[in-house]
Amino acid sequence: MTVMYDQILNIIQDADRISRNETILEQHSKGMTYHQPQKPEIVVYPKSKEEISTLLLYANERKIPVTPFGVGSSLEGQIIPSQGGISLDLTLMNKILEVRPDDFYVKVQPGVTRSQLNKELKKYGLFFPVDPGADASIGGMVSTNASGTNSVKYGTMKDQVLGLEVVLAEGRIIRSGGVVVKSSAGYNLTSLFVGSEGTLGVFTEITLRLRGIPEATVVARATFPSVEAAGSAAAFMLKAGIELGKVELVDEATIKAVNAYKGTTYQEVPTLFLELSGNQLAVNQGVELASEVAKEEGCLVFEFEQDTLARAQLWEARHQVAFAIQAANPGKGLLSTDVCVPISELPNAIKETRRLVEFHGVDAAIFGHVGDGNYHAVLSIDANDLASIKKVEAINQQIVEYALEKGGTCTGEHGIGIGKKQFLRIEHGESVELMQEIKNIIDKKGILNPGKVF
Ligand SMILES: Cc1cc2nc3c(=O)[nH]c(=O)nc-3n(C[C@H](O)[C@H](O)[C@H](O)COP(=O)(O)OP(=O)(O)OC[C@H]3O[C@@H](n4cnc5c(N)ncnc54)[C@H](O)[C@@H]3O)c2cc1C
């Protein structure tokens with residue numbers, strides 16, 4: 001162990017950027033949810049691609065596992081150093097390298113966070129649209145192919161990453177893609193790296209596509225007598241070409257949990273949370289049309305707001321759903337399911353999930369990104385009780401099986417990590433072998449984030 005410290009010090013040349021402090025090891029040992037923690041032997045904070053390259057060369061020669069770390073907000077145990085070794089914390093590589101407003105791209109280091117980037121872009125009238133709930137790092141978001149509420153309009157990370165600089169396991173530094181939105185040159189390596197969960201290389205520079213900040217934004221809340229009516233209204237709104245920026249569905253039991261948690265009096269019925277964005281005229285027309293469509297589907301109440309504070313208040317219940325379940329189950333952890341189904345299947349999938357959790361007597365918030373068929377059941381879990389873990393995992397399995405049967409996927413945005421490994425083969429069959437072969441070619445000794453995905 002002393003040997004490893006001395007050798008790493010030789011590479012990094014700065015003792016302040018190498019840590020064996022117990023609290024720091026602990027921080028890098030566990031994810032946000034219920035997965036079993038495992039401490040790394042050492043945490044290293046690189047500042048350049050050259051340092052990462054030399055460090056990986058060293059680790060590869062000695063078969064030392066290396067687990068990249070962004071801000072640690074991933075939900076499937078991706079940053080847990082399952083086999084010990086080095087936790088490679090990229091927080092100090094947080095420079096915005098180049099903004100090209102007229103070409104709609106930015107080059108960043110991987111430790112830049114989403115809010116840091118958007119703060120900088122605001123002065124150019126631009127923004128970066130992918131918004132996972134947490135203030136995640138761009139490197140982590142590339143690595144999990146993150147998305148969130150904005151994906152109905154702007155797509156997921158894979159639609160925003162134009163190019164990457166990647167350090168491979170043997171220390172080789174390569175570049176993929178470029179700065180333009182179109183290219184048909186050769187294999188699309190960028191797409192291979194997006195979603196690779198730290199198992200194929202370490203991203204040291206990321207080129208992202210940017211968007212103009214819409215002139216107008218309006219948010220709306222529409223309540224419905226049933227989940228089906230809400231789902232059907234959302235589908236008609238999409239078909240009508242309404243400028244939807246976000247469209248989220250929250251079921252009635254979840255609204256009830258929010259009321260209990262916040263002391264609010266939201267109507268306890270299935271609710272659609274909408275955001276319309278674009279030019280003022282299109283947004284005004286969109287709100288009118290959305291309200292008409294909602295009424296045709298039996299909408300009980302349709303309210304909308306343009307003012308910033310009032311907009312936040314209208315979305316308050318949506319933002320509180322996971323916290324409401326956590327507060328109702330003090331001391332317990334959470335497991336968030338993450339399936340995605342064809343859009344038309346979403347209302348039934350949500351109903352089936354509610355039936356399942358009630359049958360098993362587990363508290364759960366259920367909410368969906370109706371625009372793309374991705375929904376979450378945030379389930380309360382006692383990480384110290386094997387029976388609780390088994391029960392919740394069994395529910396997760398049934399939710400995944402239902403989604404796969406309908407042609408969906410086990411994970412829309414959180415990734416495989418440790419928690420969903422068993423579903424990958426069920427979903428992709430023999431293709432998993434090809435994935436494993438690709439991994440073996442790029443990372444021959446398997447040092448990069450071992451124990452994840454496969
Ligand atoms: C409250 C809450 C809400 C969330 N909501 C959403 C949501 O709506 N949508 C969504 O997609 N996710 C959501 N997430 C999950 C999480 O925010 C995303 O998975 C995010 O992309 C993780 O980014 P991170 O910086 O925390 O990465 P980390 O958790 O630090 O790492 C994630 C993975 O990326 C790898 N990695 C990190 N940096 C690099 C790099 N430079 N090179 C190579 N690999 C790297 C790690 O090894 C790991 O495998 C949510 C999480 C929380 C806590």
- [ ] Look at the range 90-115 and say how many of its residues are within 15 Å of the ligand (Cβ to nearest atom) and not in a strand (DSSP E or B).
- [x] 12
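Counting only residues that are of a type in the set (Val, Ile, Thr) and in contact (Cβ under 8 Å) with a residue 12 or more places away in the chain, which one in the range 305-333 is nearest to the ligand (Cβ to nearest atom)? Can you show your working first?
Filtering the range 305-333 down to residues of a type in the set (Val, Ile, Thr) leaves 308, 321, 325.
Retained after the next criterion (residues that are in contact (Cβ under 8 Å) with a residue 12 or more places away in the chain): 321, 325.
Working: Val321: 10, Ile325: 12 Å.
Per the stated criteria, the residue is Val321.
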Open item on the list: Checking the condition in a strand (DSSP E or B) and buried (at least 18 other Cβ atoms within 10 Å of the Cβ), which residue from Val258, Val218, Val269 passes?
Closed with: Val218
Open item on the list: What's the total number of residues in the range 421-449 that are buried (at least 21 other Cβ atoms within 10 Å of the Cβ) and under 22 Å from the mean Cα position of the chain (by Cα)?
Closed with: 2
Open item on the list: For the range 334-356, give me each residue that is away from the ligand (no atom under 12 Å from the Cβ) and either of a type in the set (Val, Ile, Thr) or assigned to a strand (DSSP E or B) (or both).
Closed with: Leu335, Thr337, Val339, Val341, Ile343, Ile350, Thr353
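Do we find that Ile52 is more than 24 Å from the chain's Cα centre (by Cα), in a helix (DSSP H, G or I) and under 26 Å from Pro132 (Cβ atoms) in this structure? Write out each step before concluding.
Details: more than 24 Å from the chain's Cα centre (by Cα): yes; in a helix (DSSP H, G or I): yes; under 26 Å from Pro132 (Cβ atoms): yes.
Answer is yes for this residue.
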Task: Complete set of residues in the range 52-76 that are more than 19 Å from Arg20 (Cα to Cα) and either of a type in the set (Asp, Glu) or surrounded by fewer than 24 Cβ atoms within 10 Å (Cβ to Cβ) (or both) - done: Ser53, Thr54, Leu57, Asn60, Glu61, Arg62, Lys63, Ser73, Glu76
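Kindly indicate whether Asn118 is more than 9 Å from the ligand (Cβ to nearest atom), surrounded by fewer than 22 Cβ atoms within 10 Å (Cβ to Cβ) and under 18 Å from Val44 (Cβ atoms). So that I can check it myself, show each step before the final result.
On the way: more than 9 Å from the ligand (Cβ to nearest atom): yes; surrounded by fewer than 22 Cβ atoms within 10 Å (Cβ to Cβ): yes; under 18 Å from Val44 (Cβ atoms): no.
So Asn118 fails the test.
In the range 178-221, which residues are of a type in the set (Lys, Arg) and touching a strand residue (DSSP E or B) at 6+ places or on another chain (Cβ under 7 Å)?
Matches in the range 178-221: Arg209, Arg211, Arg221.
Would it be correct to say that Pro347 is loosely packed, with under 15 Cβ neighbours inside 10 Å and of a type outside the set (S, T, N, Q)? Reasoning before the result, please.
Numbers: loosely packed, with under 15 Cβ neighbours inside 10 Å: no; of a type outside the set (S, T, N, Q): yes.
No.
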- [ ] For Ala240, indicate whether it is of a type outside the set (S, T, N, Q), more than 16 Å from the ligand (Cβ to nearest atom), buried (at least 21 other Cβ atoms within 10 Å of the Cβ) and in the same structural domain as Ser291 (by TED's automatic domain parsing).
- [x] no
- [ ] Go through (1) in contact with a His (Cβ under 6 Å, 6 or more places away or on another chain); (2) assigned to a loop (DSSP other than H, G, I, E, B) and name the single condition Ile395 misses.
- [x] (2)
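Residue by residue, here is whether (1) modelled with pLDDT of 95 or more; (2) within 12 Å of the ligand (Cβ to nearest atom); (3) under 30 Å from Ile441 (Cα atoms); (4) under 20 Å from the mean Cα position of the chain (by Cα) holds:
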| residue | (1), (2), (3), (4) |
| --- | --- |
| Ala59 | yes, no, yes, no |
| Val71 | yes, yes, yes, yes |
| Gly84 | yes, no, yes, no |
| Leu126 | yes, no, no, no |
| Met141 | yes, yes, yes, yes |
| Ala146 | yes, yes, yes, yes |
Task: Residues that are of a type in the set (S, T, N, Q) and either more than 9 Å from the ligand (Cβ to nearest atom) or not assigned by TED's automatic domain parsing to the domain that holds Arg20 (or both), drawn from the range 73-82 - done: Ser82
- [ ] Please go through the range 89-115 and pick out each residue that is of a type outside the set (A, V, I, L, M, F, W, C) and more than 30 Å from Ile42 (Cα to Cα).
- [x] Glu98, Arg100, Pro101, Asp102, Asp103, Tyr105
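Evaluate the following for Ile366: is it out of contact with any His (no Cβ under 6 Å at 6 or more places or on another chain) and part of a helix (DSSP H, G or I)? Walk me through it before giving the result.
Numbers: out of contact with any His (no Cβ under 6 Å at 6 or more places or on another chain): yes; part of a helix (DSSP H, G or I): no.
Considered against the rule, which asks whether it is out of contact with any His (no Cβ under 6 Å at 6 or more places or on another chain) and part of a helix (DSSP H, G or I), Ile366 comes out as no.
Can you confirm whether the range 306-314 contains a residue that is more than 23 Å from the chain's Cα centre (by Cα) and in the same structural domain as Gly408 (by TED's automatic domain parsing)? It would help to see each step written out before you state the result.
To start, the set of residues in the range 306-314 that are more than 23 Å from the chain's Cα centre (by Cα) comprises 306-311, 313-314.
Next cut, in the same structural domain as Gly408 (by TED's automatic domain parsing) only: none.
Looking for residues that are more than 23 Å from the chain's Cα centre (by Cα) and in the same structural domain as Gly408 (by TED's automatic domain parsing), one finds none in the range 306-314, hence no.
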- [ ] Taking the options Leu189, Leu168, name whichever one is in contact with a Gly (Cβ under 7 Å, 6 or more places away or on another chain) and farther than 17 Å from Ser74 by Cβ.
- [x] Leu168
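The values are calculated or read from the model by the stated rules, or taken from the named source; none is laboratory data. Every value quoted in this text rests on a predicted model; they were computed, and no experiment measured them. Note that each Cβ is placed from the backbone with ideal geometry, even for glycine, and that neighbours are counted across all protein chains shown.
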